[in-house]
Amino acid sequence: MDRTTKEQVVQDLTRRLAETQAAFLADYRGIDVEQATRLRRELTQAGVEYRVVKNSLLKLAAQGTLAEELQPYCVGPTAIALSGDDPVAPAKILSKFAKEIDAFELKAGVLSGKLLSVSEISALAELPSREELLAMALSTMNAPITNFVGTMAAIPRSLVQVLNAISENKAA
């Protein structure tokens, strides 16, 4: 790789690290092409950028960004997953993949400038996704309205039942 290409890679990585909420480092040594392709496909479908990077270039790119905390973990073969909107999605996919394949190993992560250990990444993976959290919030906001409508519908229903009972009582 020539110097201009390296500079371009560093600039691109710096831009992406500045834009992203979360970044996760992994050691991909020992996984085969089929497994790597499957991982890339899952991450891409979740809107996550996944790439293999040279440690020296990643260290340069991380300077001055929220991902600066990851520099000590830039040793050995390194792949980085950069999250867009949902930091839980890549954590879920990478944690699941690390459990399935022993050769794949998470190194560390950073979420909004806070360094995450492997155990913290696993805890993050246990959280519901953004869509699930939005659905929970929406159902919580809808519950009072739904209960109010049910209560309002019960009043005429009860009146009709009482009138029906009186009518049956007079008929008998």
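Here, each number is a calculation from the coordinates, and none is a lab measurement. Remember, it's a predicted structure, so these values are computed and weren't measured experimentally. No Cβ is skipped: glycine too gets one built from the backbone with ideal geometry, and neighbour counts run over all protein chains shown.
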query: Any idea what the alpha-carbon Rg over 2.2 N^0.38 Å comes to for the chain?
result: 1.70
task: Across the range 3-127, how many lysine pairs, 8 or more positions apart or on different chains, have C-alpha atoms separated by under 17 Å? Please give the number.
output: 8
- prompt: Is it possible to state the helix-based mean residue ellipticity at 222 nm for the chain, with each DSSP H run of 4+ residues giving -39500 (n - 2.57), the sum divided by total residues, to the nearest 500 deg cm²/dmol? What is it?
  reply: -20000 deg cm²/dmol
message: Using a 10 Å cut-off around each Cβ, can you sort 50, 28 from fewest to most neighbouring Cβ atoms?
response: 28, 50
query: Between 155, 118, 45, whose Cα lies farthest towards the positive end of the dipole of the range 44-172 when Lys and Arg beta carbons carry +1 and Asp and Glu beta carbons carry -1, centred on the Cα centre?
result: 155
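Please get the size of the charge dipole for the chain, origin at its Cα centre, with Cβ charges of +1 on Lys and Arg and -1 on Asp and Glu, quoted in debye to the nearest 20. Provide the component values of the computation, followed by the final result.
On the way: 19 positive and 21 negative charges, 33 e Å.
In total the dipole reaches around 160 debye.
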query: What list do you get for 24, 104 if you sort them by fewest beta carbons within 10 Å?
result: 104, 24
Sorted peptide list for 55-62, 116-123, 155-162, 32-39, criterion being average Cβ within 10 angstrom, highest first: 55-62, 116-123, 32-39, 155-162
